[in-house]
Amino acid sequence: MKRNIRWDNRFKRAFQKTTRKHPELLEAILEVIELLSENPFHKTIDTHKLKGDLEGYWPYTVEYDCRIVFKFSYQ
């Protein structure tokens, strides 16, 4: 089951800024987002719950120094 991914404005701006500065990450980010829509717990993206200020969010890793933080929304 493929899930809908909704990008908020803050993510859109960060995505544009990051891919402009590091165009080599564009394909990797899009691949990870595709994996997330298919299976948010795929073993290659290392999802796990966050704690502290980001409690309720989950990160997934694009590359060693690039990760995307998301939350599940059941609407």
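The values are calculated or read from the model by the stated rules, or taken from the named source; none is laboratory data. Since we're looking at a predicted model, the values are computed, not measured. Methodologically, a virtual Cβ is constructed for each residue, glycine included, from the backbone with ideal geometry; neighbour enumeration extends over all protein chains shown.
Annotations
- Considering residues of the stretch 32-46 that are part of a loop (DSSP other than H, G, I, E, B) and either modelled with pLDDT under 85 or not polar (S, T, N, Q) (or both) only, the residue surrounded by the most Cβ atoms within 10 Å (Cβ to Cβ): Ile45
- Residue in the stretch 3-18 that is touching a Cys at 6+ places or on another chain (Cβ under 9 Å) and surrounded by 13 or more Cβ atoms within 10 Å (Cβ to Cβ) present: yes
- For the stretch 57-71, the condition of being β-branched (Val, Ile, Thr), loosely packed, with under 13 Cβ neighbours inside 10 Å and outside any loop (DSSP other than H, G, I, E, B) holds for at least one residue.
- Leading residue by the ranking (farthest from Val69 (Cα to Cα)) among those in the stretch 1-52 that are touching a residue at least 24 places away in the same chain (Cβ under 8 Å) and touching a helix residue (DSSP H, G or I) at 6+ places or on another chain (Cβ under 9 Å): Lys2
- Selection of the stretch 8-28 for residues being closer than 17 Å to Thr61 by Cα and assigned to a loop (DSSP other than H, G, I, E, B) yields only His22.
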